[in-house]
Amino acid sequence: MAGDLLGRRALNRATPARPLLLHQWVAPRQYAIVNAIGLSQHSLLLALAMSTSAALITALGSWRLAYFIQAGAFLVQTIAWLIVARQDKIPLPGAQQAIQEQQGSPIRALRVYPQGWFLGVVMFALSATWTALVTFLPTLLLDSRGMAPTSSGPLLGFLYYGLIPGGLLAGVLEKRVQHRQFLLWIPALCNMLLGLAITYTTTPWLLMVLLTGVGLVWIASPIMEILPFELPDIHPREVAVIVSLVRTLSGLGFAIGPLVTGVVAQWTGSLQTGLLVLCLLTGVGVIAGLCYPSHTQTRHDSAASADLG
């Protein structure tokens, strides 16, 4: 859990910079595959963290030491970025100047592009289910089956195992699925249904399958991150605002998921009921996905030059 939260917080802090860096370092047609590779790498690190945390803490006798060992992976990645991403090596050196010369406040994007709010609500729903399961599923399994955290902890790793190779499919889906609604409401619906099934499942092998399914739902998330680039006449700094909005609502979902589950569990005296209510509430993501425009209004491949205008 500590590794998961560390990764999410680090990712959220970098959110405003990500779309601007994409403009400088990557061709528009490659945005989806870059995000997909990032998702696979992110999933690999967190799969290792989730699968080994309980055993590592037990072996070391200190959760603090285990935490710092896991944090070392992020330190290595930071050092690698400082070495590779030198400012004087930017492939598109004019991109930075074009971004700086853009007029007006990018905050207007929150009003002009309501699509960003729909994207944010979908990510809110996915995130709330994720953290509710990560936080409370081990306790539920301990209470219902007497399964120790050292056994249930590795089960949570299946949230990530499918994403390690599967995340790369995002680049394929981005090009094949022209109806952008499908990339939102279908993952949201699967997320809700899988969460409900997990709430009533105690068989380990079936939990592995269902948790893998919840993870695979996130294959669509790299595509959601580039949908703001497709909004008509949007500028890079406005893309950063929309992406930040989506990440903010996603972070809110990460916080709200365990909170709502815990409150309902306390009121009803049933942790299972708390998870059930939370999963049902995430159905708002399905509604938001259906409200998103069904077709791409502008393709970033054909608007590469406009992106810098």
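State yes or no: is T212 in contact with a Leu (Cβ under 7 Å, 6 or more places away or on another chain), of a type outside the set (F, W, Y) and under 27 Å from L44 (Cβ atoms)?
no
Give segment 20-75 a look and list any residue that's of a type in the set (V, I, T) and closer than 30 Å to R237 by Cβ, or say none. Residues satisfying the conditions are V26, I33, V34, I37.
Could we say that F229 is in contact with a His (Cβ under 7 Å, 6 or more places away or on another chain) and within 22 Å of G251 (Cβ to Cβ) here? Here the answer is yes, as F229 does meet what is asked. The set of residues from segment 234-245 being at pLDDT 85 or above and either not aliphatic (A, V, I, L, M) or not in a helix (DSSP H, G or I) (or both) comprises I234, E238, S244. Is it true that some residue in segment 239-246 is polar (S, T, N, Q), buried (at least 19 other Cβ atoms within 10 Å of the Cβ) and closer than 14 Å to A125 by Cα? No, segment 239-246 contains no residue that is polar (S, T, N, Q), buried (at least 19 other Cβ atoms within 10 Å of the Cβ) and closer than 14 Å to A125 by Cα. Hey, any hits in segment 63-74 for a residue that's modelled with pLDDT under 75 and among the aliphatic types (A, V, I, L, M)? Yes, because at least one residue in segment 63-74 is modelled with pLDDT under 75 and among the aliphatic types (A, V, I, L, M).
In the condition set (1) farther than 19 Å from S40 by Cα; (2) in contact with a Ser or Thr (Cβ under 9 Å, 6 or more places away or on another chain); (3) buried (at least 23 other Cβ atoms within 10 Å of the Cβ), L207 is compliant with all but (3). Taking the criterion of being buried (at least 21 other Cβ atoms within 10 Å of the Cβ) and either more than 11 Å from S221 (Cα to Cα) or more than 16 Å from the chain's Cα centre (by Cα) (or both), the only residue of segment 29-39 that qualifies is Y31.
Within segment 176-191, is even one residue farther than 30 Å from Q24 by Cβ, surrounded by 19 or more Cβ atoms within 10 Å (Cβ to Cβ) and either over 20 Å from the mean Cα position of the chain (by Cα) or not polar (S, T, N, Q) (or both)? Yes, the conditions are met somewhere in segment 176-191.
The values are calculated or read from the model by the stated rules, or taken from the named source; none is laboratory data. Quantities reported herein were computed from a predicted structural model and do not represent experimental measurements. Don't worry about glycine lacking a Cβ; one is built from the backbone with ideal geometry, like all the others, and counts go over all protein chains shown.
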